[in-house]
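Enquirer: I am attaching a structure below and will ask some questions about it afterwards.
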Amino acid sequence: MKDVSLTGGTERVTVNLSSLFSKMGHNVTIVSYYHGKTPMTYQPSNDVKVTYLLETKCPDKGNKLKRIRLFFKALIKLKKYLKKENINKDTIIISQNFFSNTLMWLAGNAKNTIGCEHFKYDLYSKPISYIRCYIYSHLKCIVTLTEKDQKRFVKHIEARKTATIANMVIAKDNVGPDINSKNIIAIGRLTAQKGFDMLIKAMRVVVDKHPDWSVSIFGEGEDKDALQKQIDNFDLKKNVFLRGYSNNLDNEFSKSSFFVLPSRFEGFPLALIEALGQGMPSIAFDCPEGPAQLLENGGGILVEKENVPKLTEAICYMIEHPEFRKNCIEHKNYIRQHLAPEVIYNKWIKLFQKLGYQV
């Protein structure tokens, strides 16, 4: 894991999966290359050990030389850790994302590593994608979140060395939408990927028709100032709010009428999974990958990707049709059935057995 202490979908998935394995009786250690935040955002169960190879934040931007230096420092630390802990072919290693998978390959441990890919297949340029596929072809297995991405990797990697396991949903029975609320909720990092600029554009038209409705955006990120400026320029200060990070999203769901995911691209969106799992009526762009699969059997409205007028129409429709919102709530049963922790756990166990591990 690059930095498990931070706020993000991959970090949350890692912590949730580790806690699940621990609950089922496995000894689990999360190994994080960097340590950017104390305390860590998401807390695993008490039996899960967390180890940081470097007690420093990873500089995602800025000095390239410093980034390269820290990358190789993390590689050296990783090699020492693998040797010290006697990590061998009988140890199940699940590595998260391209960064971590690359380090495991450089450390000479690719053949013992199950690599996970949380982002859409064509996220990177062709040269980087070629390098990624070359590295992944040396892993024990590569796990994708969707079958579409698995099929794309199969073009470059042996099919027997690929698998699909989606993110799980952790839902509570006493949490759900407030159909009478006039608040909309959106969740994600404040970056271009998440498309909040398009949601703000849509809200400029929505509030002309429904001035008593508002949207609360939960998350942190480098685009915060730009998004706030956009809100100010559109005179939406009374209708669109950047709420920052929340450690109690269940409470925020309970105060909201429906959920919007305006992302430009996703892997398999955890925020949408959790919203649907709690019965939140949801609107999402048909971006790669995930929303189409999650909404194909109901639960909300799928909108042509990056089409702001269509997003505006969908939000207005959801506002104007409370009965439709009520009907969407029942989709939580489908999501919970297919993405329940025990379902996802059994898929991992079957994969471990297929790969020859004794579990």
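Enquirer: So E55 fits all but one of (1) within 27 Å of V359 (Cβ to Cβ); (2) acidic (D, E); (3) loosely packed, with under 12 Cβ neighbours inside 10 Å; what number is the exception?
Expert: (1)
Enquirer: Hey, can you tell me all the residues within the range 300-339 that are of a type in the set (S, T, Y) and buried (at least 18 other Cβ atoms within 10 Å of the Cβ)?
Expert: Across the range 300-339, the qualifying residue is only T312.
Enquirer: Within the bounds of the range 75-91, is there any residue that is closer than 23 Å to I135 by Cβ, of a type in the set (V, I, T), in contact (Cβ under 8 Å) with a residue 60 or more places away in the chain and part of a loop (DSSP other than H, G, I, E, B)?
Expert: No, because not a single residue in the range 75-91 is closer than 23 Å to I135 by Cβ, of a type in the set (V, I, T), in contact (Cβ under 8 Å) with a residue 60 or more places away in the chain and part of a loop (DSSP other than H, G, I, E, B).
Enquirer: Collect the residues in the range 92-106 that are of a type outside the set (A, V, I, L, M) and under 10 Å from I135 (Cα atoms), keeping them in residue-number order.
Expert: F98, N101, T102, W105, listed by residue number.
Enquirer: Quick one: which of F352, F324 is farther than 21 Å from I185 by Cα and part of a helix (DSSP H, G or I)?
Expert: F352
Enquirer: Still on this model: Just give me the residues in the range 238-287 being at negative phi, outside any helix (DSSP H, G or I) and small (G, A, S), in sequence order.
Expert: Result: S246, S256, S257, S263, G267, S282, A284.
Enquirer: Name the strands (runs of 3 or more DSSP E) wholly within the range 135-203 that hold at least 3 residues that are farther than 30 Å from K350 by Cβ?
Expert: 183-187
Enquirer: Going residue by residue through the range 63-70, is there one that turns out to be surrounded by fewer than 18 Cβ atoms within 10 Å (Cβ to Cβ) and in contact (Cβ under 8 Å) with a residue 24 or more places away in the chain?
Expert: No, the range 63-70 contains no residue that is surrounded by fewer than 18 Cβ atoms within 10 Å (Cβ to Cβ) and in contact (Cβ under 8 Å) with a residue 24 or more places away in the chain.
Enquirer: If we keep just the residues of the range 233-267 that are closer than 24 Å to S181 by Cα and among the acidic types (D, E), which is modelled with the highest pLDDT?
Expert: D235
The values are calculated or read from the model by the stated rules, or taken from the named source; none is laboratory data. Since the model is a prediction, treat every value here as computed from it, not as a measurement. All Cβ positions, even for glycine, are placed from backbone atoms using ideal geometry, and neighbour counts span all protein chains on display.
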